[in-house]
Amino acid sequence: MTGPEPAEAGRLLAAARRPVVFTGAGMSAESGVPTFRDAQTGLWQRYDPQELATPAAFRADPALVWGWYEARRRGVRRAEPHPGHRAVAAIVARLPDTVVITQNVDDLHERGGVPAPVRLHGSLFAPRCSACARPAPIPEDATAPEDDAAPGDGVASGDAVAPGGMPAPPDGRVTPPACAGCGAPVRPGVVWFGEALPSAALDAAVGAASGCDLLLTVGTSALVHPAAEIPLVAARLGAPVVQVNPVPTPLDAICAVNLRGPAGEVLPALVCAAWPDADAG
Ligand code: APR
């Protein structure tokens, strides 16, 4: 990256003591996990969120929805954190009061070295009962041919496998397991459109953004609320906001610095700019 921006962003990070790192789907794009709205590759360019990511969709066709999320979970399982994830962990290691807030439902921050990010939209690895909310075990992944498939969404490659390793119907439908407590269908532990965010996570995110002295926003289109409010909370309270995104977003105007590039390249460079002696991960 050229121009004054990287050095300026490095200076802001070096001066911070209570930074927030706020991430979206773009943070995991270089690990092969598709974003939602990127042209052609974004999930919502290929699938109708109303058919797959709402409570009504699950009630209407639980096997379609469960199959889709199971395929995404296996796709994420095959993905690996990239240098950007490790750079975020390096920031946390250097500044222990850092709070990492993510909209993502993959576990790449944790595998990249960030133990407990604040999860605004849940996780692909936290299924629960759709009726009594009892946590449910993550299904065993059969050692099926799909394991050597490319990382990522695991959906388009038609690699859906029914419990017990039998090939799932070509449409990817997989019957969700029954809750061990009440017998109702188990659902993915993600936040669907029209559902409230987990209040504890939202409170923690707003609290961190209100008290931060720098907010680094990475790989989000900032179109989905209330999550997209988080950078605005920090800016309103005077914290500088630094954005990492290859393209402009609605956040550009509130940012002290806009770093145009992929997270996997920009974040390690940012850590080095802030702390030349640092191992950016
Ligand atoms: N590095 C950084 N940013 C990237 C990269 C990359 N390698 N690749 C893409 N991006 C950017 C895109 O330019 C886009 O602005 O990441 C952003 C991804 O935007 P979305 O697909 O809209 O994802 P996100 O903002 O996380 O969506 C928010 O919407 O669908 C729901 O619940 C879902 O959490 C999700 C929420």
Rank by packing, highest mean first: peptides 24-31, 230-237, 194-201, with packing defined as the count of other Cβ atoms within 10 Å averaged across residues. 24-31, 230-237, 194-201
How far apart, in nanometres, would the label points at Arg46 and Glu8 be if each is projected 7 angstrom from Cα along the Cα-to-Cβ direction? 3.8
From the phi of every residue in segment 255-271, what ³J(HN,Hα) in whole Hz does the Karplus formula 6.51 cos²θ - 1.76 cosθ + 1.60 yield, where θ is phi - 60° and glycine or proline is x? 8, 6, 9, 10, 9, 8, x, x, 4, x, 9, 6, 5, x, 5, 5, 5
In Å², nearest 10: area of Glu51 left accessible to a 1.4 Å probe: 110
For Ser210 and Ala93, compute 0.36 nm times the residue count separating them, minus their Cα-Cα distance, and round to one decimal in nm. 40.0 nm
For Arg128 and Ala184, compute 0.36 nm times the residue count separating them, minus their Cα-Cα distance, and round to one decimal in nm. 19.2 nm
Going 7 Å from the Cα of Glu195 along its beta-carbon direction, which residues of segment 81-123 have the amide nitrogen within less than 13 Å of the resulting point? 105, 120-123
So if I take the centroid of the Cα atoms in segment 203-218 and the same for segment 100-135, what is the distance between those two points in Å? 18
Nonlocal amide H pairs with Val118, under 5 Å, H built at 1.01 Å: Val100, Ile101, Thr102
Under a Gaussian network model of the chain whose springs join Cα atoms within less than 10 Å, the largest fluctuation of Asp213, Asp97, Asp107 belongs to Asp97
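If you count only protein heavy atoms with a 1.4 Å probe, what accessible area per residue comes out for the chain, rounded to a whole Å²?
43
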Cα long-axis angle, helix 62-78 against the chain (0 to 90 degrees, to the nearest 10): 50
Using θ = phi - 60° and Karplus 6.51 cos²θ - 1.76 cosθ + 1.60, couplings along segment 242-247 (whole Hz; Gly, Pro as x): 10, 10, 10, 6, x, 10
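The values are calculated or read from the model by the stated rules, or taken from the named source; none is laboratory data. All values reported here derive from a predicted model rather than from experimental measurement. Virtual Cβ from ideal backbone geometry, glycine too; neighbours counted across all protein chains shown. What goes into the accessible areas is simple: the full protein's heavy atoms, side chains included, and nothing from ligands, DNA or RNA. Shrake-Rupley method; radii C 1.70, N 1.55, O 1.52, S 1.80 Å.
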